[in-house]
Amino acid sequence: MNQLQAFIYFFKRMDIVMLNDILTDDISYCGITKAMFLDKLHDICEYNLSLGKETLAMKWSESNTNSLKFSCWKLDEFANTLLITSKEDGSIISFINKTPQFNYHNYNFRIYEDEEMGFVKSAEFIILQNQCKNAIEEMKEVIFTTELILNWIKKYESLQLEVSDEEELLIYTNIKYIEEFYELYDSTLMEQDFILNYKEAEIAVLDFEKLELQDWLEKYHNLYFCVLIPTNSLADVLCANEYRFKVFNKEYKSKELFCVDRFTDLYHRMFNND
């Protein structure tokens, strides 16, 4: 196998140790170091392994034979693209990131501006970035309870204002930790809204047995599409009595969010079967 073939072989098998052995220091790694490049691939592999996958989904682009699409959370949806240039003998010259820079998620191959070699950070920038990093760390490897979500939103409200403008848009774009915090805050704020409206969802579920299906769908149409927003959840119920459920690799223990999930799931199934 040449170097390019070896990269494809071991990457598909999510073997980062062997990737480290076959990749050399003279390759251009999307403007970042080899170590950081491999760390990003490692995160993607870890996420796919957490979904029970044994190999990484990947394919070459039909329009560009140097364009490798890889890593997905659905079988037919590829989230990332690397443009790989190589010599005739298969020696890799460079990797170029062609992944769309939107929606932070650990299936996305993100490269932030401040990770690129040569980026200079001011003292104020480092402080702000560390504040965002600490906020993110508080939401890792935890069980998401109602209390945790509400307290975290309240604790970091001022930090959110610091990274946003008057129209609540992010000031610092494509900057690691700051952008991740902004998007995490936004998604957690949505969960807070769900919590505050959980009673409506709970009543709607109870009403399901009392009303004709069409009447029920019409009555709670606004709640589903405008208030709670259809999530079409892929939640796995762990213990209904304890209101525990799991969405991908996030575990929840919240009566309020459990009620919302049950309603949106029920409405989605009934609306699409009607």
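Just so you know, all these numbers are worked out from the coordinates, no wet-lab data involved. Computed from a predicted model, the values in this text were never measured in an experiment. A quick note on method: Cβ atoms are made from the backbone with ideal geometry, for glycine too, and the neighbour counts reach across all protein chains shown.
Taken as Cα centroids, the stretch 156-178 and the stretch 212-271 sit 30 Å apart, rounded to the nearest whole angstrom. Each stretch of four or more DSSP H residues adds -39500 (n - 2.57); spread over every residue of the chain, this sum gives -13500 deg cm²/dmol at 222 nm.
Below 14 angstrom from the Cβ of Phe245, what's the summed charge of the other residues (Lys, Arg +1; Asp, Glu -1)? Net charge in that neighbourhood comes out at -1. With a threshold of 29 Å on the Cα-Cα distance, the over-threshold entries among Lys69/Lys154; Lys34/Lys253; Lys53/Lys219; Lys154/Lys255; Lys121/Lys155; Lys59/Lys253 are Lys69/Lys154; Lys34/Lys253; Lys53/Lys219; Lys59/Lys253. The chymotrypsin sites (Phe, Trp or Tyr not before Pro) of the stretch 215-274 that DSSP puts in a loop, and whose beta carbon has at most 16 other beta carbons within 10 Å, are Phe248.
Taking loop as defined by DSSP and a crowding limit of 14 other beta carbons within 10 Å, which chymotrypsin sites (Phe, Trp or Tyr not before Pro) in the stretch 111-151 fit? Counting only loop positions with at most 14 other Cβ atoms within 10 Å, the chymotrypsin sites (Phe, Trp or Tyr not before Pro) in the stretch 111-151 are Phe119.
Summary: within the chain, the longest segment free of trypsin sites (Lys or Arg not before Pro) located in DSSP loops with at most 14 other C-beta atoms within 10 Å is 14-86. With viscosity 0.890 mPa s and temperature 25 °C, the Kirkwood radius over alpha carbon pairs of the chain converts through Stokes-Einstein to a diffusion coefficient of 114 µm²/s. Phi-derived couplings, Karplus 6.51 cos²θ - 1.76 cosθ + 1.60 at θ = phi - 60°, listed residue by residue for the stretch 151-158: 5, 5, 4, 5, 5, 10, 5, 5 Hz, with x used for Gly and Pro. Specify which residue in the list Asn2, Ile143, Leu128 is farthest towards the positive end of the charge dipole of the chain, using unit charges on the beta carbon of Lys, Arg (+1) and Asp, Glu (-1), about the Cα centre. After comparing all options, I get Asn2. Charged neighbours of Lys40, selected by a Cβ distance under 10 Å, balance to -2 (K, R count +1; D, E count -1).
What the phi angles of the stretch 128-134 give under the Karplus curve with 6.51, -1.76 and 1.60, with θ = phi - 60°, is a coupling list of 4, 5, 5, 4, 5, 4, 5 Hz, glycine and proline written as x. Principal-axis analysis of the Cα atoms of the chain puts helix 198-207 at an angle of about 60° to the longest axis. Near the amide H of Ile93, within less than 5 Å, lie the amide hydrogens of Thr85, Ser86, Lys87, all on another chain or at least 5 residues away, with H placed in the peptide plane. Rounded to the nearest 20 debye, the dipole magnitude of the stretch 3-111 is 280 debye, with +1 charges on Lys and Arg beta carbons, -1 on Asp and Glu beta carbons, and the Cα centre as origin. Would you work out the charge dipole size for the chain about its Cα centre, treating the Cβ of every Lys and Arg as +1 and the Cβ of every Asp and Glu as -1, and quote it to the nearest 20 debye? The calculation lands at about 800 debye. The angle separating the long axis of helix 3-12 from the principal Cα axis of greatest extent in the chain is about 20 degrees.
Within the shell defined by Cβ-Cβ distances under 11 Å, the residues around Tyr112 carry a net charge of -3, with Lys and Arg each +1 and Asp and Glu each -1.
For the stretch 119-221, the dipole from Cβ point charges (+1 on Lys and Arg, -1 on Asp and Glu) about the Cα centre works out to 480 debye, to the nearest 20.
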